[in-house]
Amino acid sequence: MEIQKIFAKFEGNATAPLPGLCMELLEEQKKNWPELAIACRELANVLTRSVPCGSYDVFIQYNPQREVSSGAAVDKESIKNRPCFLCTANLPAEQKGIVYHNDYFILCNPAPIFDKHFTIAHRQHKLQSINSSLVDFLELAHDLAPELDIFYNGPACGASAPDHMHFQAIPAGQLPLLKNTDKQFRYIKEINGVNIYAGKNLDRSILLLEAKSAEQLENQLRKVMQLLQKPLTTSEEPMINAICSYAAAKWRVFIFLREKHRPDAFFAEGEKRIFISLGAIDMAGVIITPLIKDFNNLDASLIRSIYQEVSLSEISLNRLIEEL
Ligand SMILES: [Zn+2]
């Protein structure tokens, strides 16, 4: 990698804590990368409104900058024919990053949803896959805490670069679903040091795994992925989004079990089209739309039916819980 692309190197919290380095990177990039400075300023103009949906609340964010990402063609042919925007060689000249243990490159997201929004790209161009990166996911969550939470969008449900392994990081405490977990989740059981909970009346199939040991948590997460894989006939990864936060010496991983990436209304014609494309942030209660029409029209009943439509059925979730 060209040396001028490297803003800093992270080798462990003892030298310089990672969240601090990320904030320094963001400040440097806002000064020296005009597109990012504009994107961050535009973020102050996004509109947000809250929609009470029965037992939970959702925030809708009108963010025109997200049109490219939300509407990205993610079929195999389109992916093959575009230069990969996460490969270092294709980054804008001004963009710099933090080398994380030699494996990842932490970058400022050029189309932010929150005032601090990072993309954590693998340094090799290799497929988006949670199984091969679980250990990294938990370690990054630990190193980014307490300021940032990390998330993962599966290659078929939210990742706009399914061909290049990456995570994203956003400020901790911003997503409605991660607050109020006492009310919104029911305790299921404890397996080998991992507490397992499931979402309660959330119109989505969500598991929450909580543990003090990364290794035990990793084992249970692998088991969940294996059980999800079973009903699938292809070798492709089961559709999930995952968010991890680390606090009070505990990891908490939220897994959204999915059946579809985009609701049918995304592909409808004319007035009937709804421009939302759901990744981890949307599934956790901040729904992004780049169109003012959808920002105005989305109501509780639409949101509830879209969440149900893109989520794994309750029957399948309950079967999986029994098998755990
Ligand atoms: Zn790439």
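Laboratory data are not the source of any read-out in this text; all were calculated from the coordinates shown. Keep in mind it's a predicted model, so treat the numbers as computed, not measured. FYI the Cβ positions are ideal-geometry reconstructions off the backbone, even for glycines, and counts take in every protein chain you see.
Structure values in brief
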{"quantity": "Qualifying GluC sites (Glu not before Pro) for segment 76-182 [loop in DSSP, other Cβ within 10 Å: at most 15]", "calculated": "GLU94"}
{"quantity": "Lys/Arg +1, Asp/Glu -1 at C-beta; the chain dipole; positive extreme among PHE254, PHE185, ALA214", "calculated": "PHE185"}
{"quantity": "Candidates per chymotrypsin sites (Phe, Trp or Tyr not before Pro) in segment 252-324, loop by DSSP, up to 15 other Cβ within 10 Å", "calculated": "none"}
{"quantity": "Among PHE137, ILE60, PRO92 - extreme Cα towards positive end, dipole of segment 30-158, charges at beta-carbon", "calculated": "PRO92"}
{"quantity": "Per-residue Cβ neighbour rank within 10 angstrom, fewest leading, LEU278, LEU312", "calculated": "LEU312, LEU278"}
{"quantity": "Low-density loop cleavage sites - GluC sites (Glu not before Pro) in segment 225-324, where at most 10 other Cβ are within 10 Å (DSSP)", "calculated": "GLU269"}
{"quantity": "Per-selection Rg to Rh, the chain - Cα, Kirkwood hydrodynamic radius", "calculated": "0.94"}
{"quantity": "Dipole moment magnitude, nearest 20 debye, the chain about Cα centre, only Lys, Arg, Asp, Glu C-beta charged", "calculated": "260 debye"}
{"quantity": "Links that overshoot a 21 Å alpha carbon limit, given the list LYS179/LYS223; LYS116/LYS200; LYS30/LYS116", "calculated": "LYS179/LYS223; LYS116/LYS200"}
